[in-house]
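Everything on this sheet refers to the single structure shown next.
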Amino acid sequence: MKKLFPILLTVVIVFLLIPDREANSQKLDLSSFLLETYEDNLQTRFSVEVDDFEKIKTALDNGSKVALLCDVSIFKNRIIFWNMSVEDREIEIGLEKDLLSGKYNIIYPDQKRSLDSFEKSDFLEQFGDMKIELVPMDMLESGQKYTVRIQVKLISRGVPKWIKRTLFFWSWDLARSIRYEMEFSL
């Protein structure tokens with residue numbers, strides 16, 4: 001037991017000295033969240049903002065690939081049982097810099113856009129009014145209560161799996177994820 005105590009003490013001290021990556025990560029802000037109907041479909045609109053854009057730009061300039069993940073779910077509220085999932089949509093938008101041409105690429109699920117420069121105003125323009133189509137209105141029942149949940153996170157892509165497995169306790173998110181829920185009925 002006396003030999004085990006110094007080892008445990010050393011491990012505890014090492015973990016206390018490792019800087020907390022969450023403290024260094026920035027925050028995402030979700031604003032202007034809105035549910036609306038568009039062409040007989042339910043869609044959500046929202047804006048994503050970051051508090052320290054320079055961290056993202058530095059990561060892109062250093063060759064990192066970044067992805068903005070938006071997960072939107074609709075649940076049918078039930079009293080006795082757990083809420084039932086109606087729809088779940090995940091949208092991934094990639095951000096990267098072509099180091100040879102110097103252009104910044106924004107890769108949407110259905111298109112790719114290239115920019116000569118990438119400033120905070122460009123980020124706000126791209127992610128200031130996002131729309132995600134959810135379900136046809138005829139899938140939802142009138143008078144039934146539903147919950148819509150959105151989760152957004154900004155992560156690093158392209159980190160080798162062996163590093164992720166070795167440093168499994170390390171967060172690879174560039175910004176802490178945000179989550180928002182809203183209850184609605186028709």
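The values are calculated or read from the model by the stated rules, or taken from the named source; none is laboratory data. If you're wondering where the values come from, they're calculated on a predicted model, not measured in any experiment. Here the Cβ is made from the backbone with ideal geometry for all residues, glycine too, and neighbour counts use every protein chain on show. Accessible surface areas use protein heavy atoms only, side chains included; no ligands, DNA or RNA. Shrake-Rupley method; radii C 1.70, N 1.55, O 1.52, S 1.80 Å.
Considering only residues that are part of a strand (DSSP E or B) and either modelled with pLDDT of 90 or more or of a type in the set (Ser, Thr, Tyr) (or both), which ones fall in the range 114-135?
Here is the first cut: in the range 114-135, the ones part of a strand (DSSP E or B) are 114-115, 130-135.
Result: Ser114, single match.
Being within 17 Å of Arg176 (Cα to Cα) and basic (Lys, Arg) narrows it down to one of Lys76, Lys55, Lys112, Lys120, so name that one. Step through it out loud before you land on a result.
Working: Lys76 fails: within 17 Å of Arg176 (Cα to Cα); Lys112 fails: within 17 Å of Arg176 (Cα to Cα); Lys120 fails: within 17 Å of Arg176 (Cα to Cα).
Only one candidate qualifies: Lys55.
Quick one: in the range 136-158, which of the residues that are open to solvent by 30 Å² or more (accessible area, probe 1.4 Å) and in a loop (DSSP other than H, G, I, E, B) is modelled with the lowest pLDDT? Spell out how you get there, then give the answer.
Filtering the range 136-158 for residues open to solvent by 30 Å² or more (accessible area, probe 1.4 Å) gives 136-139, 141-145, 149, 151, 153, 157-158.
Next, only the ones that are in a loop (DSSP other than H, G, I, E, B) stay: 141-144, 158.
On the way: Glu141: 88, Ser142: 88, Gly143: 88, Gln144: 90, Gly158: 66.
Top of the filtered list is Gly158.
Residue by residue through the range 68-105, note down the ones that are closer than 30 Å to Asp116 by Cβ and surrounded by 18 or more Cβ atoms within 10 Å (Cβ to Cβ).
If the condition is that a residue be closer than 30 Å to Asp116 by Cβ and surrounded by 18 or more Cβ atoms within 10 Å (Cβ to Cβ), then Leu68, Cys70, Ile93, Leu95, Glu96, Lys97, Tyr104 are the ones that fit.
So, of the residues in the range 33-51 that are in contact with a Lys or Arg (Cβ under 7 Å, 6 or more places away or on another chain) and open to solvent by 70 Å² or more (accessible area, probe 1.4 Å), which turns out to be modelled with the lowest pLDDT?
Selected residue: Asp51.
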